[in-house]
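The values are calculated or read from the model by the stated rules, or taken from the named source; none is laboratory data. Just so we're clear, the structure is a prediction, and the values are computed from it rather than from any experiment. Note that we place each Cβ from the backbone using ideal geometry, even for glycine, and neighbour counts take in every protein chain shown.
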Amino acid sequence: MYSAAVEQAFDHPVHAGDLSGASGTAGSRALGTEVAFSMQVAAGMISQMTFQAYGCPHTIAACELAVEGLLGKAPETLEKWVPDRVAQLLEVPVEKTGRLFFIQDALRNCWQDWDTNKLDERD
Amino acid sequence: MYSAAVEQAFDHPVHAGDLSGASGTAGSRALGTEVAFSMQVAAGMISQMTFQAYGCPHTIAACELAVEGLLGKAPETLEKWVPDRVAQLLEVPVEKTGRLFFIQDALRNCWQDWDTNKLDERD
Amino acid sequence: MIYLDYAATTPVDENVVDVMCQCLGSQELFANTASSHAAGRKAHKAVEAARDRVAGLINAAARELIWTSGATESDNLAIIGAAHFRRLRGKHLVTSVTEHKAVVDSFHLLEKEGFTITWLHPDEFGVISLQDLEAAITDETTLVSIMHVNNETGVIQDIGAIGEICRRRDVLFHVDAAQSFGRLPIDVRRDQIDMLSLSAHKAYGPKGVGVLFLDSERIRRVEPLLHGGGHERGLRPGTLATHQILGMSRALEIAHQNLAQEPQHISVLRDYLWQLVGVIPSIQLNGHPSRRACHILNVSVADVEGESLLYGMRNFALSSGSACISDSAEPSYVLKSLGRSDQLAQGSIRFSLGRYTTRAELDQAADTFIATVTRLRDLSPNQQSVGSG
Amino acid sequence: MIYLDYAATTPVDENVVDVMCQCLGSQELFANTASSHAAGRKAHKAVEAARDRVAGLINAAARELIWTSGATESDNLAIIGAAHFRRLRGKHLVTSVTEHKAVVDSFHLLEKEGFTITWLHPDEFGVISLQDLEAAITDETTLVSIMHVNNETGVIQDIGAIGEICRRRDVLFHVDAAQSFGRLPIDVRRDQIDMLSLSAHKAYGPKGVGVLFLDSERIRRVEPLLHGGGHERGLRPGTLATHQILGMSRALEIAHQNLAQEPQHISVLRDYLWQLVGVIPSIQLNGHPSRRACHILNVSVADVEGESLLYGMRNFALSSGSACISDSAEPSYVLKSLGRSDQLAQGSIRFSLGRYTTRAELDQAADTFIATVTRLRDLSPNQQSVGSG
Ligand SMILES: Cc1ncc(COP(=O)(O)O)c(C=O)c1O
Ligand SMILES: Cc1ncc(COP(=O)(O)O)c(C=O)c1O
């Protein structure tokens, strides 16, 4: 039902938390899934990133893996993030893959938040 | 289902057979029960009596007991024979007591046969 | 007591008892298979593995099997469920008068509900004519149900040929195979069977568990008889009985493994018994002389009352008709349909042999049978049909 | 794995396993109870003795019990069978929305067939109002079905009072007592119950066997769901599973003997557990605070997603709703009917305790539960309902 990768990430999420910096959320408790990301960028790379999640174990684990994969990347990567690789790594059952789009949305929102703030700085 | 008395009489009927003498039958194979009695009378008493039966174990056992009870009695006893006592001794289930009336009929027929012959003798 | 009533039910094979007792005693397998926790998943896996194994034995896929409480329920679900689900397509059904009560009574219900049933009559050997069967099928026909092996006579119907006809005429074909599993090979694909009923307790498994096979391509759905919870694809609710299911699957596997030798061995014994008792004057074999499953020898003897015959054989576990109706004194409807008189139907004995039957047991049975018939005939009035008076 | 899912199913009591394995292994009891030979009669006697014993435990007579494949079948046979049989008298029926699926879905079928159902709603504690119930009964009402103990919350309905109303209004009263046997005394006469469903596997007996009680004075007949053979007074055909029936009777006898101590002992444990976990902020007890059977503690925690909660508790066998529907992700309809939000219904855990539960197990369960809730809450975004964008 739950792969070993889900179990590991669910039990020991090392990137759970909240940062000051850019942030993005998606979903709601009423929808059963609500996720939030926050990050800090340094030297054009994501230097710190955390997540918060209300959702099923697959959702929580997927957030953890998403953050893991994004750290050290350019912030633009957030915009292009798609859940396929994480879904595969975690063996997310098909009927649940829809939930991962909340992660995609939240990451885009996080990127927009960062992008807006960056533009602000240029002005 | 079958009492010990039925078992005993079914397995070891000592009065099975056919005699020359008065006889009476009742029932038929099509009806599932057919019984026949024959007897000889000496000194106003039934001196010998036998039965034949096609029927269920209760019927066979009842024939045997009927003969046992009638031997030594006056031949008129046949006319008044009713199956109650035999049914009780053998613990015949209620739904089967109907079959014992074939025995009653056959005994009456046997008595009539004897009675007719007796009358014949008188003439 | 010598047991010669394997067609009524079989003792549970020791290996099956072991499997069941282990399962019952286990700390692990008792959980509800519908539970999502680890214990539940373990029980679920065991049940699904059993489903897979049983499916393999009849050349079906696991998803095509429904666990039931026995062949009676399987027959009812198949026949009533399919007829109801297809009632808009047509309300004509075909079966035979020699089917098991579970089938006959399911059709009686449908008849009361307004379906039209064609009741095929077998020939004097118990065999259903393929011509009759094909002729019975109309545009309104949705279902044909014909058993594989008859429970009273052992007669085998040509289900392969019937399957071919039904498939060609696009009619569903249900087979009650309760008596044939482990005695004849069963292949639902080869024989083009759409629904098939099995029971564990006719094949050295536990009573109270059975299977219904539903061809996944041909059968979209049948109307369930029981409602509540989504178990078994919504077709059969109720907590699955893991120990029963594992027991059934073990029993059927063993029976299947034994297919190469056991039926052959048992039919030799059965023929031996027939050789012994066949010497009785006016004895008749009920059913087809050769197209019979290995385990049943059903004979009628003239001029002997059935109940006394059975009572004379009381040290043997035997039946004088289907065990399921031996409560009643009615002469067997199966034997009557072969043209036997009431007396011959009633004066019949079904010897049914099995895995543990020995030649010595048959010697004893034959001796007692011959002695009983002789004695009861000697005891009978000679005249036939004498009226009273 | 620590088992706290006794409401889903119970392990089979060792004494019951012994009885069943003996029966299965026996040379004597395997025969078909419908067979007239000595082996058959012996099996028949054993089954009838079991029927007599089980009847005694609920103050019924042996002839009033029908063996079934479980409470699901008992519920279906009682409800559908009685409604069908009495359809000419009236087509209105009364039940509640918190019944088990086997009851709910039986009524859904009847609704589709044209019966009118009044679905009673419980109060926030899960209790059905007697006023509501009495008000629902019309001249057309033929049947009321209310469960004794709810399988998700453990809430006890006042079946004595309902029985009194039904008897006075001359309406049949069916009770699903699958969860209450062995936890509360059951007396069909005192409580004026006309039909009652039991299942063995909720009371340390085997899965796949149950009982339906039918009051012999009040119920002339119900329409059978299965057809074939005359078993069980024509109400339930199929070869009786002797080992299952003897197992059920032994299990119910033991549970009945334990009535004086066991429920009391288990309710102390359950209260202990509530004391431990009740400290969690925003935790709610589901069901009535006191009118609850001993074995169930159902709680909802706010702001925690149900699936992750259950996953955090995965070393425990637990359920987050009725086991029978835990396959689906739908929030429990029972909890929703008590007014719980989707989240609270989904974020619920049913701890169900039993004969083998220990205080140490509950300590572990409570520790893990508190830790999991805390951790998941910490993990959650603080804001409620933030839209995307
Ligand atoms: C041919 C046939 N079908 C169905 C059944 C019913 O099986 P079960 O006892 O499993 O309900 C039997 C046996 O009684 C049978 O012989
Ligand atoms: C209240 C209630 N009724 C009926 C059932 C169904 O019982 P069974 O699994 O024996 O069919 C259950 C358990 O699943 C139950 O808890």
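Restricting to the range C:313-371, give me the number of residues that are of a type in the set (S, T, N, Q) and either at pLDDT 90 or above or surrounded by fewer than 17 Cβ atoms within 10 Å (Cβ to Cβ) (or both).
Residues that pass the stated criteria total 11.
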### Query
Residues in the range C:69-84: is at least one touching a strand residue (DSSP E or B) at 6+ places or on another chain (Cβ under 7 Å), surrounded by fewer than 23 Cβ atoms within 10 Å (Cβ to Cβ), in the same structural domain as C:Gly230 (by TED's automatic domain parsing) and not acidic (Asp, Glu)?
no
### Task
Inspect all residues belonging to the range D:219-239 and state whether any of them is surrounded by fewer than 24 Cβ atoms within 10 Å (Cβ to Cβ), without any contact (Cβ under 8 Å) to a residue 60 or more places away in the chain and at positive phi.
yes
### Summary
Within the range C:81-112, the count of residues that are more than 8 Å from chain D (Cβ to nearest Cβ), within 16 Å of ligand 1 (Cβ to nearest atom) and of a type in the set (A, V, I, L, M, F, W, C) comes to 2
### Task
Find the residue count for the range C:1-51, including only residues that are over 20 Å from C:Gln257 (Cβ atoms), modelled with pLDDT of 95 or more, acidic (Asp, Glu) and surrounded by fewer than 24 Cβ atoms within 10 Å (Cβ to Cβ).
1
### Task
Please give the number of the condition C:Val103 fails out of (1) buried (at least 21 other Cβ atoms within 10 Å of the Cβ); (2) part of a loop (DSSP other than H, G, I, E, B).
(2)
### Query
Which one is nearest to D:Tyr3 (Cα to Cα), of the residues in the range C:40-79 that are over 17 Å from the mean Cα position of the chain (by Cα) and within 16 Å of ligand 2 (Cβ to nearest atom)?
C:Gly40
### Selected residue (criterion: farthest from D:Lys336 (Cα to Cα)) from residues of the range D:284-312 that are surrounded by fewer than 19 Cβ atoms within 10 Å (Cβ to Cβ) and more than 25 Å from the chain's Cα centre (by Cα)
D:Asp303
## Note on the structure
Within the range C:267-314, the count of residues that are under 27 Å from C:Met147 (Cα atoms), in a helix (DSSP H, G or I) and touching a residue at least 40 places away in the same chain (Cβ under 8 Å) comes to 5
### Task
For residues that are under 19 Å from B:Thr116 (Cβ atoms) and touching a helix residue (DSSP H, G or I) at 6+ places or on another chain (Cβ under 8 Å), tally how many sit in the range B:30-57.
7
### Message
Report every pair of residues separated by at least 6 positions or lying on different chains whose Cβ atoms are under 8 Å apart, first residue within the range D:254-266 and in a helix (DSSP H, G or I), second surrounded by fewer than 16 Cβ atoms within 10 Å (Cβ to Cβ).
### Response
D:Ile254/D:Asn15
### Task
Take the range C:1-60 and flag every residue that is without any contact (Cβ under 8 Å) to a residue 60 or more places away in the chain and among the polar types (S, T, N, Q).
C:Gln22, C:Ser26, C:Gln27, C:Ser35, C:Ser36
## Note on the structure
Of D:Ile162, D:Ile193, D:Ile219, the only residue that is in a helix (DSSP H, G or I), in contact with a helix residue (DSSP H, G or I) (Cβ under 9 Å, 6 or more places away or on another chain), away from every other protein chain (no Cβ under 12 Å) and more than 14 Å from ligand 2 (Cβ to nearest atom) is D:Ile162
### Task
For C:Phe125, state whether it is within 14 Å of chain D (Cβ to nearest Cβ), away from ligand 2 (no atom under 16 Å from the Cβ) and not charged (D, E, K, R).
no
### Query
Looking at the range A:58-76, which of its residues are more than 12 Å from the chain's Cα centre (by Cα) and surrounded by 24 or more Cβ atoms within 10 Å (Cβ to Cβ)?
A:His58
### Query
Any idea how many residues of the range A:32-52 are at the interface with another protein chain (Cβ under 8 Å from one of its Cβ atoms) and either within 9 Å of the chain's Cα centre (by Cα) or outside any strand (DSSP E or B) (or both)?
4
### Query
When you go through (1) in contact with a Ser or Thr (Cβ under 8 Å, 6 or more places away or on another chain); (2) surrounded by fewer than 15 Cβ atoms within 10 Å (Cβ to Cβ); (3) assigned to a helix (DSSP H, G or I) one by one for B:Leu100, which number turns out not to apply?
(2)
### Summary
The residue from D:Asp170, D:Asp158, D:Asp139 that alone is free of Cβ contacts under 8 Å to residues at least 24 places away in the same chain and either assigned by TED's automatic domain parsing to the domain that holds D:Ala61 or away from ligand 1 (no atom under 16 Å from the Cβ) (or both) is D:Asp170
